[in-house]
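The values are calculated or read from the model by the stated rules, or taken from the named source; none is laboratory data. Bear in mind that the values here come from a model prediction, so they are computed numbers and not experimental data. Reconstructed Cβ throughout: ideal geometry from the backbone, glycine too, with neighbour counts over all protein chains shown. Heads up: the accessible areas ignore ligands, DNA and RNA and are worked out on the full protein's heavy atoms, side chains in. Shrake-Rupley method; radii C 1.70, N 1.55, O 1.52, S 1.80 Å.
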Amino acid sequence: MNLLGNWSYPTRIRFGAGRISEIGTACREAGISRPLFVTDKGLRDLPVVRTALDVLDSSGIPTTVFSDVDPNPSDVNLEAGIRTYIEGTHDGVVAFGGGSGLDLGKAIAFMAGQTRPVWDFEDIGDWWMRANAGAIAPNVAVPTTAGTGSEVGRASVITNSATEEKKIIFHPRILPVDVSCDPELTVDLLPALTAGTGMDAFAHCLEAYCSPHFHPLSQGIALEGMRLVKEFLPRAYRDGGDLEARAHMLAAASMGAIAFQKGLGAIHALSHPIGARYNTHHGTTNAVVTRTVLEFNRPAIEGRIERAAAYLGIDGGFDGFSAFVAGLTEQLGIPARMSELGVTDPDIDWLVANALADPTAGANPVKMTESNTKVLYEAVL
């Protein structure tokens, strides 16, 4: 199969090996002549960044690199990025990396021209309409992991450093105007990060598929996204140089983010507070809680999961699907409990309160309450 394509769903995507060579063209077509290049600290000095910067340089596009990006990006990172953007008189952003770099890059492009605080644009009702849409700069996204799918998302997740809460900042124009999905950029991803980011993509697809909201387009995408993860994540984990597996996982990550327009649920509601307070890897945290949430939601989703199991070639209906999830996480070396991620002596009451306040909780198939959410946390901690 020739894994190459130009897609427009929901934004322009240049998909295939070697497409990083077109990043200069992407910037020019987006109207960006002097981008701020946003990436995370761990990537800044790696060859993949040098490759992208060399392409921009050869295209006559000067840039400044900003890498003050935490694994769970915060308002402190955002403020520093905005200062760098304004001082450098930049006219757009290249967001490069995993979910942290992409989310922060998108947020910088969104907020650099705003006069209101970022929390005024939390994904609540029509708060996004408070933004000055004409002041939003364009951004071009280049994912280097196959997990969050932030490259096709209209939101950024930013941690409030004062309250230790993750907030979803939303505006339709946060969506990148151009995306380069190049699987060659992901081949050096370490196995543990391949596993964690891949399970993040799986969680997005699973929760979107199980969401009670009506969105058949997203539901179909979510189902196929799960199939791609089932088939190709173990291959990418075993052999990082398996370019076919890396390509399909990049596709699955984007599909998960497209699909969760239908909603997420308790996996993310539980995960967000843990990541905000204890700085755990988001995708790995999702993976730890996935099977517990799956069993919790069983009364509302059993029939739907049975249909998914049949499509995925998993015997045993719901029980078979649950066993598959358990086997996959074990195969990928995902810890069984949060304590193995360094979450010790947690403040469960604080976690419960923040999980119930998280906007993803509202789309869970079984209503989350203080009592059942506490039981869920006790099970995974």
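Some notes on this structure:
- Taken over the range 181-198, residues that are in a helix (DSSP H, G or I) and open to solvent by 10 Å² or more (accessible area, probe 1.4 Å) amount to 6.
- Taking the criterion of being touching a Ser or Thr at 6+ places or on another chain (Cβ under 9 Å), closer than 23 Å to GLY97 by Cβ and part of a helix (DSSP H, G or I), the residues of the range 199-242 that qualify are MET199, ASP200, ALA201, PHE202, ALA203, HIS204, GLY225, LEU233, ALA236, TYR237.
- Some residue of the range 307-314 being surrounded by fewer than 17 Cβ atoms within 10 Å (Cβ to Cβ), among the hydroxyl-bearing types (Ser, Thr, Tyr) and modelled with pLDDT of 95 or more: yes
- Residues of the range 92-136 that turn out to be open to solvent by 50 Å² or more (accessible area, probe 1.4 Å) and more than 18 Å from the chain's Cα centre (by Cα), as a count: 13
- Each residue in the range 357-375 was checked for being among the hydrophobic types (A, V, I, L, M, F, W, C), out of contact with any helix residue (DSSP H, G or I) (no Cβ under 6 Å at 6 or more places or on another chain) and open to solvent by less than 50 Å² (accessible area, probe 1.4 Å), and 1 pass.
- Residue within the range 245-257 that is buried (at least 20 other Cβ atoms within 10 Å of the Cβ), under 23 Å from SER218 (Cβ atoms) and hydroxyl-bearing (Ser, Thr, Tyr) present: yes
- Inclusion of VAL65 among residues that are touching a Leu at 6+ places or on another chain (Cβ under 9 Å), farther than 30 Å from ALA361 by Cβ and at pLDDT below 95 is not warranted.
- Yes/no for ALA379 being out of contact with any His (no Cβ under 8 Å at 6 or more places or on another chain), hydrophobic (A, V, I, L, M, F, W, C) and either under 28 Å from GLN261 (Cα atoms) or part of a loop (DSSP other than H, G, I, E, B) (or both): no
- Residues satisfying the stated conditions in the range 318-356, i.e. open to solvent by 60 Å² or more (accessible area, probe 1.4 Å), farther than 18 Å from LEU233 by Cβ, touching a residue at least 60 places away in the same chain (Cβ under 8 Å) and in a helix (DSSP H, G or I): LEU356
- Flag for ASN6 being exposed (fewer than 15 other Cβ atoms within 10 Å of the Cβ), touching a Phe, Trp or Tyr at 6+ places or on another chain (Cβ under 8 Å) and not acidic (Asp, Glu): yes
- Comparison of THR64, THR39 shows that the only residue that is of a type in the set (Val, Ile, Thr), open to solvent by less than 40 Å² (accessible area, probe 1.4 Å) and within 28 Å of THR159 (Cα to Cα) is THR39.
- From THR290, THR280, THR285, residue being open to solvent by less than 30 Å² (accessible area, probe 1.4 Å) and either at pLDDT below 95 or not in a helix (DSSP H, G or I) (or both): THR280
- Hey, LEU328 touching a strand residue (DSSP E or B) at 6+ places or on another chain (Cβ under 9 Å) and modelled with pLDDT of 95 or more or not: no
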